[in-house]
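Below is one structure; the comments refer to it alone.
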Ligand SMILES: [Zn+2]
């Protein structure tokens, strides 16, 4: 955890472009933005991912994203935004707010061709894990 960049940001050991802070969470601009206004919301305490983060903190990060996103969209004159958890980069739970512009040249996720048989099989496989 000593090498966690987000812990260092939360502890003010590393500077960031902070847009919100309270006792439990902090929101700051991503230094490698997908689009301008790309913001990360993190709990100040270290949790490696969403699954290890206590429910109340997960809720707090998403509720803060819900509150901040419309203001960010307005500030950067975006058309809409993504609010998501990528789960593939820094191992300290964080929620992305990614402003999007119509025709910003970013592709949406590619989709696969499928059919009812495949969808039913996948549904059954997931239901086996849930039940
Ligand atoms: Zn951390």
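The values are calculated or read from the model by the stated rules, or taken from the named source; none is laboratory data. What you see is a predicted model; the values in this text were computed from it and never measured. As a convention, Cβ positions derive from the backbone with ideal geometry for all residues, glycine included, and neighbour counts pool all protein chains shown.
Checking each residue in the range 81-121 for being over 28 Å from residue 49 (Cα atoms) and either assigned to a loop (DSSP other than H, G, I, E, B) or within 16 Å of the ligand (Cβ to nearest atom) (or both) picks out 101, 102, 103, 104, 105, 113, 114, 115. When the criteria are applied in full, residue 57 fails the requirement of being touching a residue at least 24 places away in the same chain (Cβ under 8 Å), closer than 21 Å to residue 7 by Cβ, in a strand (DSSP E or B) and within 16 Å of the ligand (Cβ to nearest atom). Determine whether the range 3-19 contains at least one residue that is away from the ligand (no atom under 11 Å from the Cβ), touching a residue at least 12 places away in the same chain (Cβ under 8 Å) and under 19 Å from residue 66 (Cβ atoms). Yes, there is a match, as at least one residue in the range 3-19 is away from the ligand (no atom under 11 Å from the Cβ), touching a residue at least 12 places away in the same chain (Cβ under 8 Å) and under 19 Å from residue 66 (Cβ atoms).
Give me the residue from the range 31-49 that is part of a loop (DSSP other than H, G, I, E, B) and in contact with a helix residue (DSSP H, G or I) (Cβ under 6 Å, 6 or more places away or on another chain) and, out of that set, farthest from residue 19 (Cα to Cα). Only one residue tops the list, namely 46.
One line per residue, one yes/no per condition, for (1) more than 13 Å from residue 98 (Cα to Cα); (2) at pLDDT 95 or above; (3) surrounded by 15 or more Cβ atoms within 10 Å (Cβ to Cβ); (4) out of contact with any strand residue (DSSP E or B) (no Cβ under 7 Å at 6 or more places or on another chain):
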site: 2; (1), (2), (3), (4): yes, no, no, yes
site: 6; (1), (2), (3), (4): yes, yes, yes, no
site: 10; (1), (2), (3), (4): yes, yes, yes, no
site: 14; (1), (2), (3), (4): yes, yes, no, yes
site: 21; (1), (2), (3), (4): yes, yes, no, yes
site: 26; (1), (2), (3), (4): yes, yes, yes, no
site: 30; (1), (2), (3), (4): no, yes, yes, no
site: 34; (1), (2), (3), (4): no, no, no, no
site: 38; (1), (2), (3), (4): no, yes, yes, no
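Just the residues that are surrounded by 11 or more Cβ atoms within 10 Å (Cβ to Cβ) and over 21 Å from residue 25 (Cβ atoms), please, taken from the range 77-117. Listed by number, the residues that qualify are 78, 79, 80, 100, 101, 104, 106.
Among the numbered conditions (1) out of contact with any strand residue (DSSP E or B) (no Cβ under 9 Å at 6 or more places or on another chain); (2) surrounded by 11 or more Cβ atoms within 10 Å (Cβ to Cβ); (3) more than 19 Å from residue 9 (Cβ to Cβ); (4) free of Cβ contacts under 8 Å to residues at least 40 places away in the same chain, the only one that residue 124 does not meet is (2).
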